[in-house]
1. Fewest Cβ neighbours within 10 Å first, please rank 50, 13, 70 accordingly.
2. At a 10 Å Cβ-Cβ cut-off, how would you order 23, 124, fewest neighbours first?
3. Would you mind ranking 114, 30, 142, 9 by Cβ crowding within 10 Å, fewest neighbours first?
4. Trypsin sites (Lys or Arg not before Pro), restricted to region 83-129: which are DSSP loop and have at most 11 other Cβ atoms within 10 Å?
5. Which whole-Hz ³J(HN,Hα) couplings does region 97-103 yield from phi under the Karplus relation 6.51 cos²θ - 1.76 cosθ + 1.60, θ = phi - 60°, glycine and proline marked x?
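Rule-based calculations on the coordinates, nothing more; no lab input. As the structure is a prediction and not an experimental result, all values here were calculated from the model. No Cβ is skipped: glycine too gets one built from the backbone with ideal geometry, and neighbour counts run over all protein chains shown.
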Amino acid sequence: MNAMLPISIWRWYGVAVLAVLLDQTTKGVIANTFTLAEQVPVSAFFNLVYVLNPGAAFSFLAKAGGWQRYFFILLALLVSAWLVHMLRTQRPRYESLGLSLMLGGAVGNVLDRITKGKVVDFLDFHWRGMHWPAFNLADVFISTGVSLLLWATFRERPSQTMSAP
């Protein structure tokens, strides 16, 4: 393979880097401004909070005893390597954007796990006393990336997916 990557690939890596920077900046602001477990109401359904999550989504494996940190670091690094590889091939725009956002989100959260042992979460949506688990921008980027990949998949024209008789 040619040592020089096409400019379009660097654009998608740039999107991933921007996602990491936005994620890490917002987490840093929260960690340096709030005390742990502090909540600041923003609206009737949204708070800013400062919590540390040792698990995954919905605090999955949060109380597993510590081994999960290394498991999630390894998993995120493997997924990130796969996403970098996937971005090296020419893909439709929304698919590339989805992969880039997923890469940025994965790297953002793995940086927290490596440096803090836990992920900083700060977005808290609630309704009538019921709270959605707090999350962060990396989670938003991952979810948006997955949604874009699904959308791109279903957006394909039937003639592209059906085999000739």
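1. Arranged by neighbour count, lowest to highest, 50, 13, 70 become 70, 13, 50.
2. Arranged by neighbour count, lowest to highest, 23, 124 become 124, 23.
3. 114, 9, 30, 142
4. Loop-located and lightly packed - 128.
5. Once rounded to whole Hz, the list reads 5, x, 4, 5, 5, 4, 4.
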